[in-house]
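Report on the structure given below.
The values are calculated or read from the model by the stated rules, or taken from the named source; none is laboratory data. These figures come from a predicted structure and were not determined experimentally. Note: ideal-geometry Cβ built from the backbone for every residue, glycine included; neighbour counts use all protein chains shown.
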Amino acid sequence: MSEKILLITGASSDIGVKLITEIDKEYDFIIAHHNSDDGKLKEIKKNLGEKLILIKGNFKDEEATYEFVEKIKQTEKIPNHILHLPAGKCENMKFSKITWNKFQDDIDIAVRSLVIILNAFLPIMAKNKYGKVVVMLTSYTTNIPPKYLASYVTSKYALLGLVKALSNEYADKGIRINGISPSMIETKFLENIPELIIKQNAINSPTGSNLKVEDVVPTIKFLLSDGANSITGQNIAITNGNIM
């Protein structure tokens, strides 16, 4: 392996931005996917220069997702580490009010995008006998999920199935594929969730608070590191004191 190259999908998220600022010295190049919000990434790029490669991609659109992969190939910087963060916005909604289009959007953004990306890059990792993939799931995959999040929870369980299947298929090829399942993290991702629900979730936690970004990033860094070479196919819960 000549270069360490990290691809972060959903890199403009609070977690993506925080991780880049903490892990940049460990990689030769970081490819940061974004869709519409790239302001913070551009600020980071002022310091990192050519090491940080910003590539736009709309994962709701299948053709645009394939185009995103092609843009990566054109850079000739093929990732051997991948962190997958994208998800459709969380919204509390009764199942009877959720249309199939909402389910489809959540699946396209989170699941189809990862399938297309891994189809492109896992064979290269396998040839090189080295690779790390970390997928953002949710603590709802480790316990009883709450009401009114059916489409979000469904997409996360689909991702969990992909993690389990591929981790077994690629284990003998030096590739480690894991998921992390945090409980509620206070980020801009929750902007469509009522404040009362966010506060109640914190009250119900043994620590009396929700997770912060800095509570989650260390686990991601570890799973991307060589220290996790013996860990694969796991769904690691980060639950702020809750026992799953």
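Within the set Ile20, Ile55, the sole residue that is of a type in the set (A, V, I, L, M) and not in a helix (DSSP H, G or I) turns out to be Ile55. Close Cβ contacts (under 6 Å, 6 or more residues apart or on different chains) running from residues in segment 8-34 that are in contact (Cβ under 8 Å) with a residue 24 or more places away in the chain and under 17 Å from Phe121 (Cα atoms) to residues that are among the basic types (Lys, Arg) and part of a helix (DSSP H, G or I) comprise Phe29/Lys51.
Restricting attention to segment 83-98, and to residues there that are outside any loop (DSSP other than H, G, I, E, B) and in contact (Cβ under 8 Å) with a residue 40 or more places away in the chain, which single residue is surrounded by the most Cβ atoms within 10 Å (Cβ to Cβ)? Lay out the reasoning, then the answer.
To start, the set of residues in segment 83-98 that are outside any loop (DSSP other than H, G, I, E, B) comprises 83-84, 95-97.
Those still in the list that are in contact (Cβ under 8 Å) with a residue 40 or more places away in the chain too: 83-84, 95.
Working: Leu83: 27, His84: 25, Phe95: 10.
Out of the qualifying residues, it is Leu83.
Please tell me if Leu114 is touching a residue at least 60 places away in the same chain (Cβ under 8 Å) and surrounded by 15 or more Cβ atoms within 10 Å (Cβ to Cβ). Yes. Output the residues belonging to segment 66-82 that are assigned to a helix (DSSP H, G or I) and either acidic (Asp, Glu) or at positive phi (or both). Those that are assigned to a helix (DSSP H, G or I) and either acidic (Asp, Glu) or at positive phi (or both): Glu67, Glu70. Yes or no: segment 65-87 includes at least one residue that is at pLDDT below 95, closer than 23 Å to Leu137 by Cα, within 19 Å of the chain's Cα centre (by Cα) and among the hydroxyl-bearing types (Ser, Thr, Tyr). For segment 65-87, residues at pLDDT below 95, closer than 23 Å to Leu137 by Cα, within 19 Å of the chain's Cα centre (by Cα) and among the hydroxyl-bearing types (Ser, Thr, Tyr): absent.
Find the residue count for segment 18-33, including only residues that are under 16 Å from the mean Cα position of the chain (by Cα) and closer than 11 Å to Leu52 by Cβ. Walk me through it before giving the result.
Filtering segment 18-33 for residues under 16 Å from the mean Cα position of the chain (by Cα) gives 18-20, 23, 30-33.
The next check asks that each one be closer than 11 Å to Leu52 by Cβ; those that pass are 20, 30-32.
Qualifying residue count for the region: 4.
Considering segment 117-152, the residues that are touching a residue at least 60 places away in the same chain (Cβ under 8 Å) and surrounded by fewer than 17 Cβ atoms within 10 Å (Cβ to Cβ) include one that is farthest from the chain's Cα centre (by Cα), namely Asn128.
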